[in-house]
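See below for the structure under consideration.
The values are calculated or read from the model by the stated rules, or taken from the named source; none is laboratory data. Since we're looking at a predicted model, the values are computed, not measured. We place every Cβ from the backbone using ideal geometry, glycine too, and count neighbours over all the protein chains shown.
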Amino acid sequence: MDGYAVRIPEVVCLGASLTLSGIFYYLYRKSRKTVERLDEAPHFTIDGKLKNILKEIPGACLQYAVIEGAVQPVGEPLTSHFQKEIVGVLQKIMLKQQRLVWNGLSSTWTDSELVLHQRVNAVPFVLVGSDETTVKVLCPLQASGVHMEITHEKFHQLNYGLGDIVGQYLSGEKIKGQLETEEMLKVGATLTGVGELILDTDGTLNLRPPSNSTQYFLGNMDFDTLRQDQENVAVWWKALTITSALVGAMVVLWVGRRYYYHLKAQWQREQERREFERWQADVAGAEAPQDAAEERVENPCVICLNQPRNCILLDCGHVCCCHTCQRALPRRQCPICRQDISRVMPLYHV
């Protein structure tokens, strides 16, 4: 690869493509494995038979199972801070600052949020089946999935004076206001849980995060919707993996194309050199020594001033240098007009 070098942007693009492809593929395989585990997970109805089923299993434990039941608190439920008639078992109150930030690259204002305050309250709760059989849900805040609904949302718009507005434009940040939200998992809501199902020594049924690091789910949608959401996530990661890999392949093809043209140019220059030397040998045998000496004096090369001008540069047609200096040019351009040289022809007098 003499005279050929891979450019820094090409190295950066190829490295980024390989890195992102690896990350996206890892996330795709993780999502795909989650979907496969969901397909393999057995579905159980919360009733009196569930305890008997777990008693027959070694360890009274199912590493991954799907159950569905109504939410009921163990003890006193939580009451909404904004609507006293709403009670639940999980509550999340957030105060966000919404603002616009100036993006210098796109020359536009983009939305941004900053969490000013967040508080999560929880009480123990169970999932109740058709015959009042209960399954206690452990570590619900570690579960994935949408299991809380918005019970309160209010936007507090801020008013600013002229000085504040000018200062915001100068700083590149405009505060629009504050958004106050409350989310709750209501009592009586139907919840789908996917996790490790165990029968405790005191005879209680528990649903907890799987011990084998499989994803733990709690959602207020049915199982088919939950599975489809995970399938869509896997499809997106797969699409990003393929896209990133294609970008890397395009970079490799681009580098290979440049290297091909580099080798082609080297081969053409070598052919020109051999052809030129052959033609010069024929001319040297036909010309007298004194004529050659006069040629060197009358038409010296504009670069070295020692050798005669013995080549024609095409396509411009200039006769200005010797073949040795032409080959030593840092760029394959005519030293007179800077036009690219497509071919070099020998010059000889008859």
(request) Within region 190-212, track down each residue that is surrounded by fewer than 19 Cβ atoms within 10 Å (Cβ to Cβ), of a type in the set (Gly, Ala, Ser) and within 37 Å of the chain's Cα centre (by Cα). (result) Ser211
(request) Return the total of residues in region 149-185 being among the polar types (S, T, N, Q) and part of a helix (DSSP H, G or I). (result) 2
(message) Quick check on region 89-112. Is at least one of its residues under 30 Å from Asp47 (Cβ atoms), aliphatic (A, V, I, L, M) and assigned to a strand (DSSP E or B)?
(response) yes
(request) Would you please name the residue that is surrounded by the most Cβ atoms within 10 Å (Cβ to Cβ), looking only at residues in region 300-349 that are touching a residue at least 40 places away in the same chain (Cβ under 8 Å) and outside any strand (DSSP E or B)? (result) His323
(request) Give the residue that is nearest to Gln228 (Cα to Cα), with candidates limited to residues of region 6-15 that are surrounded by 11 or more Cβ atoms within 10 Å (Cβ to Cβ) and free of Cβ contacts under 8 Å to residues at least 40 places away in the same chain. (result) Gly15
(message) Scan region 258-272 and tell me whether some residue there is aromatic (Phe, Trp, Tyr) and touching a Leu at 6+ places or on another chain (Cβ under 6 Å).
(response) no
(message) So Val35 ticks every box in (1) in the same structural domain as Gln168 (by TED's automatic domain parsing); (2) touching an Asp or Glu at 6+ places or on another chain (Cβ under 7 Å) but one. Which box is left unticked?
(response) (1)
(request) Starting from region 255-278, keep only residues that are at positive phi, then list their pairs with residues that are among the small types (Gly, Ala, Ser) whose Cβ atoms are within a distance under 9 Å, requiring at least 6 positions of separation or different chains. (result) none
(message) Taking the condition of being assigned to a loop (DSSP other than H, G, I, E, B) and within 24 Å of the chain's Cα centre (by Cα), how many residues in region 7-53 meet it?
(response) 1
(message) Being surrounded by fewer than 16 Cβ atoms within 10 Å (Cβ to Cβ), among the charged types (D, E, K, R) and closer than 18 Å to Arg227 by Cβ is the filter here; which residues of region 16-61 pass it?
(response) Arg29, Lys30, Lys33, Glu36, Asp39, Glu40
(message) Any residue at all in region 148-156 that's of a type in the set (Phe, Trp, Tyr) and touching a residue at least 12 places away in the same chain (Cβ under 8 Å)?
(response) yes
(request) Give region 44-69 a look and list any residue that's hydroxyl-bearing (Ser, Thr, Tyr) and farther than 13 Å from Val135 by Cα, or say none. (result) Tyr64
(message) Any residue at all in region 164-182 that's under 19 Å from Tyr64 (Cα atoms) and touching a residue at least 60 places away in the same chain (Cβ under 8 Å)?
(response) no
(request) Among the candidates Gly203, Gly193, Gly188, single out the residue that is closer than 30 Å to Glu85 by Cβ, assigned by TED's automatic domain parsing to the domain that holds Arg119 and not in a strand (DSSP E or B). (result) Gly188
(request) Considering only region 125-142, state which residues are assigned to a loop (DSSP other than H, G, I, E, B) and buried (at least 20 other Cβ atoms within 10 Å of the Cβ). (result) Gly129
(message) Kindly evaluate Val101 against the criterion of being in the same structural domain as Asn121 (by TED's automatic domain parsing) and either closer than 30 Å to Leu127 by Cα or of a type in the set (A, V, I, L, M) (or both).
(response) yes
